[in-house]
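What follows is a short report on a single structure.
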Ligand code: GTP
Ligand code: MG
C-alpha cells in the first residue's frame, strides 16, 4: 500500500476496452445514462459564454414591479429569461434573445460620469436602475437563492432521508450550483472580460475550477483564466523568465484597472510572486470571491478532465460532495491556504478510489488517452494533455455498487491509506498532478494533517459499521448515516489505540446523540465554504 494517488493507470488491471459500442446493447441499464449531460466541455463553455454576452446585470431599487421592469427592458428586444437575487441589494440578471438588445439598452441609458467613460474605453453591462417617480406599492419579487443551505436545514433533510444513498443525493441536490448560479458565474467572467478587453482586445476570460468542473458547491470561489491566445501567441515560449514577467505585468495592469474602474470589484489584491501569479478580488454585485490568473491553460484542462469524470456516472458527484462536506465539517479543508488538503486533492482521491472498484466505476486517464483521436491531441508547455473530449465515446461502467457501500469503502480505504509506507524524505501525501506528472498537488499537506485525515476516515468507517447493526428508525430525528459522520469529533483521538478509539467513538456518538436530542444542530460545524 503506498501513499500515492495517480489517475493515470491502475497497476495490475487488465486494459479494458472502454469504447462505447456503436449501438449500445441493453445489457446494463443503470437508468442514468439519459440524464448525463453529453455535451463536450468546450461546447458547454462556448454556449454559456455566448449566453452571458447577451446578458446584463442590473442593480434594482428595493421596491420594483417585475412587470414594469420587464416591459421597460423589452423595448430593447425580447428577453430570453431573467431572475432576481439578493446580495447587499436587489439585482436582476436579464438575458436577451439577441446581443443587439444589450447595445440598444446601453445607448438608452445615461452614463453618470462621462469623464470616466472616456478614460476607460468600455461600456459596462452592469447597470443601475433608478426609478424617477418611485411609487411601486408592492415588491413581491421572487428572488433566487445563491447560498448553500444552513446546517440546520441540511441536517434535517439528512435525518429524514430514507437511506444513505438518499442522503448523499440530497446533499448533492442542496449544494450543487444551480442553473442561476452558473449563469451568474459566466456573466461575472463576461463582465470582467469587458474590462480586460479595454487593454487586451479579443482576450477571453473563462471560468475554470469548481465553477465548471461539476464539483462546485454554492458559495465556492470563482476561478477565472485570462486567455490571451486569441490576441497574441504568448503560449509558445511562456516558460522563459521574460514571459513570466510579462504575465505578471499583464495581471498587474488588470489588477490596477479592476481596482480603479471595475464596477463592484473590491478588495483587489495582486499576488504576483506565487508559482501561479493571480489577482484576487471580490465581485460585490455577484457576491463571488474571484481569482484571476493568466498562464494557466493546464488548470483549464484539469477542469475539463474532472468535468468528464463528473459526468460519466451519477455516483461520482454525489460521493465527491459527500466527502468534501465531510472534510469541511471536520476542518480537514479550509478557505485559508495552509498545510491542509484542498478540495481539488480530495476530488482526485475520490476519482482514484472509484477507478479501483471492481469493475471500475471510472476509467483511468490512460484509457481516456487511448480513446482520443487526432482532434483531441493537446500539448501544453511540453506536457501531453491528450484525452478523449467526446463523452459519448466512453462506455458507461457496469458497476452497480450503491453509494452507501462506496462511502463506507472510501473511509475504509483511506482509513488504511499508506500504513506500511515509510518515506521520510518525501511529502507525506503524494497526489500526482495528472498532466504535469512530476508535480505533487498535495505537496503542502503536512504529516499531521494526513494523519488527521486517516484517523477521521477510520472513525467514520467505524461509525457507519456500528450503525448497520442498530440503525435508528428513520423518523427518530437522530443523526444517522451521513449526518452522523458529519458531526465533529472530540480531540486527542491520535493517541488512542484502535480498540480504545472504537470504544471512545462509540461513547462519543452516544453522548452526541444525547446532546442532540435537546438541540439537534448545536454542535454541527459550519460546512459552508466561505
Ligand atoms: P474549490 O475549493 O471549490 O474552489 O475547488 P477548485 O477545484 O476550484 O479549487 P481551487 O479554487 O483551489 O483551484 C482551481 C483550480 O486550479 C482547480 O480546479 C485545479 O484545476 C487547479 N489547481 C488547484 N490547486 C492545484 C494544484 O495544487 N496543482 C495544480 N496543478 N492545479 C491546481
Ligand atoms: Mg475554486
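The figures follow:
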item	result
Odd one out for residue 296, checked against (1) in contact (Cβ under 8 Å) with a residue 24 or more places away in the chain; (2) more than 28 Å from residue 190 (Cα to Cα); (3) out of contact with any helix residue (DSSP H, G or I) (no Cβ under 6 Å at 6 or more places or on another chain)	(2)
Test for residue 422: is it under 30 Å from residue 325 (Cβ atoms) and at pLDDT below 95	no
Qualifying residue in segment 328-350 (condition: in contact with a helix residue (DSSP H, G or I) (Cβ under 7 Å, 6 or more places away or on another chain) and without any contact (Cβ under 8 Å) to a residue 24 or more places away in the chain)	yes
From 278, 306, residue being within 16 Å of ligand 1 (Cβ to nearest atom) and over 30 Å from residue 402 (Cβ atoms)	278
Residue satisfying all of: in segment 201-227; in contact with a helix residue (DSSP H, G or I) (Cβ under 7 Å, 6 or more places away or on another chain) and more than 16 Å from ligand 1 (Cβ to nearest atom); farthest from residue 54 (Cα to Cα) among these	203
Hey, residue 342 within 14 Å of ligand 2 (Cβ to nearest atom), under 20 Å from residue 5 (Cα atoms), at pLDDT 95 or above and more than 12 Å from the chain's Cα centre (by Cα) or not	no
Complete set of residues in segment 236-270 that are modelled with pLDDT of 90 or more and at positive phi	267
Test: residue in segment 282-290 that is more than 16 Å from ligand 1 (Cβ to nearest atom), out of contact with any helix residue (DSSP H, G or I) (no Cβ under 9 Å at 6 or more places or on another chain) and more than 30 Å from residue 167 (Cβ to Cβ)	yes
Residue ID - surrounded by the fewest Cβ atoms within 10 Å (Cβ to Cβ), chosen from residues in segment 377-388 that are in contact with a helix residue (DSSP H, G or I) (Cβ under 9 Å, 6 or more places away or on another chain) and at negative phi	384
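The values are calculated or read from the model by the stated rules, or taken from the named source; none is laboratory data. Note that the structure is predicted; figures quoted are calculated from it, not measured. Ideal geometry is used to build each Cβ from the backbone, glycine not excepted, and the neighbour counts take in all protein chains shown.
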